[in-house]
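The values are calculated or read from the model by the stated rules, or taken from the named source; none is laboratory data. None of the values given here were measured: they were computed from a predicted structure. When we count neighbours, we look across all protein chains shown, and the Cβ atoms used for this are built from the backbone with ideal geometry, even at glycine.
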Amino acid sequence: MLNPERLEGARLFYERVLELNPRSADALGSLADTLLAQSYITGVPPPGGYRAAERLIERG
Amino acid sequence: MQISALRRALDGGAEPSCIQTVPGRGYRFALPVSVATDEAAPDAASVDADFVSSDVAEHGAGPGSRRALLWGGGAFAAVAAVGGVARFASALWNPHASLARLSAAVLPFAVQGNDPPLARFADGITETLTLDLPSPWCLGYFSPSLVPPRNIMRAAAATTSNPRVFGTALNVRYVLSGVVRGNGSVVQANAEVTVAETGALIWSKQYNDARDATLDDPTIMARWIRPDAVFAMLADEAARSLRERPRDMDEMDLMLQGKAWTQ
């Protein structure tokens, strides 16, 4: 079951992937998904706003 | 150049080749092979045609392949005699020498009882899962080349219904298998995922649907099974990377961890 803690754990792993490979489309898309899911569950916009998630998807 | 010579000898022009190239890793022998006992296991330099031919006879390989493998065994022994391929030989005859993360195969779903429509339904489930598994929305997302071709899976399934033996023959880490049965007006499918290396069952689940509604379209039940089975494999692989490489995770390990946390 998705919850804020699990999403936060996933976010940290995707960010580590991007440290290894900043161009990883998988990680960029998954990070954007995770940020949006966090926002949906908590009701708080993602860090940097929705535009930040959109930029991740564009980069991916 | 030696690999192409082996392919010519073993394949006899058939496609796809029984020696598959796995990008970045090496080569994989993609025909059913038996697991030799310790007494019978040959070392690289002693692989010979007799060993190869007895292996083929035991598993009933297709027409022509025995002769091809005899030739291949001879060619292989000749190459080994020249030296320089000991490691390749080890990988060729040791199915677990190069197990790849998230490699998986589908063992055809069995049918309980004599029920032709149900048998067609089981075939449909197997076919759908076989096509879906290497797709970009399943394991192909991580490892597009690590699900054996359909014809190779069928050939292996003709030799065994044991998931562990099947997975070992195909050199994959996971085997998705199942049984379909009719129960009055209901069709049941029991699906499971087995770790080929150990025979451990890591996931199983029963799916039910009304016979009238489901028999004509097995893709529906197959696509109930698919995400559950894929997640079981992802979760197991993520747990394995945590166990085996907790401080040295590569990009794929980290992606697996992320996926495991968000399922």
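Tell me, which residue of the range A:35-50 that is part of a helix (DSSP H, G or I), modelled with pLDDT of 85 or more and not β-branched (Val, Ile, Thr) is surrounded by the fewest Cβ atoms within 10 Å (Cβ to Cβ)?
A:Tyr40
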### Message
A:Pro22 - would you say it is outside any helix (DSSP H, G or I), at pLDDT 90 or above and touching a helix residue (DSSP H, G or I) at 6+ places or on another chain (Cβ under 9 Å)?
### Response
yes
### Query
Since B:Glu251 meets every condition but one in (1) over 17 Å from B:Leu146 (Cβ atoms); (2) without any contact (Cβ under 8 Å) to a residue 12 or more places away in the chain, which condition does it not meet?
(1)
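Identify, please: which residue in the range A:1-16 is within 13 Å of the chain's Cα centre (by Cα) and without any contact (Cβ under 8 Å) to a residue 12 or more places away in the chain and is, among those, farthest from the other protein chains (Cβ to nearest Cβ)?
Top of the filtered list is A:Leu12.
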### Query
Looking at A:Ala32, is it outside any loop (DSSP other than H, G, I, E, B) and either within 11 Å of chain B (Cβ to nearest Cβ) or buried (at least 18 other Cβ atoms within 10 Å of the Cβ) (or both)?
yes
### Task
For the range B:196-219, state whether one or more residues are on the phi > 0 side of the Ramachandran plot, more than 14 Å from every other protein chain (Cβ to nearest Cβ) and modelled with pLDDT of 90 or more.
yes
### Query
Any chance the range A:45-55 includes a residue that's within 11 Å of chain B (Cβ to nearest Cβ) and among the basic types (Lys, Arg)?
no
### Query
Restricting to the range A:17-29, what's the tally of residues that are more than 8 Å from chain B (Cβ to nearest Cβ) and under 20 Å from B:Phe231 (Cβ atoms)?
1
### Message
Conditions first: (1) within 9 Å of chain B (Cβ to nearest Cβ); (2) more than 14 Å from B:Thr262 (Cα to Cα). A:Ala37 passes all but one, so which condition is the exception?
### Response
(2)
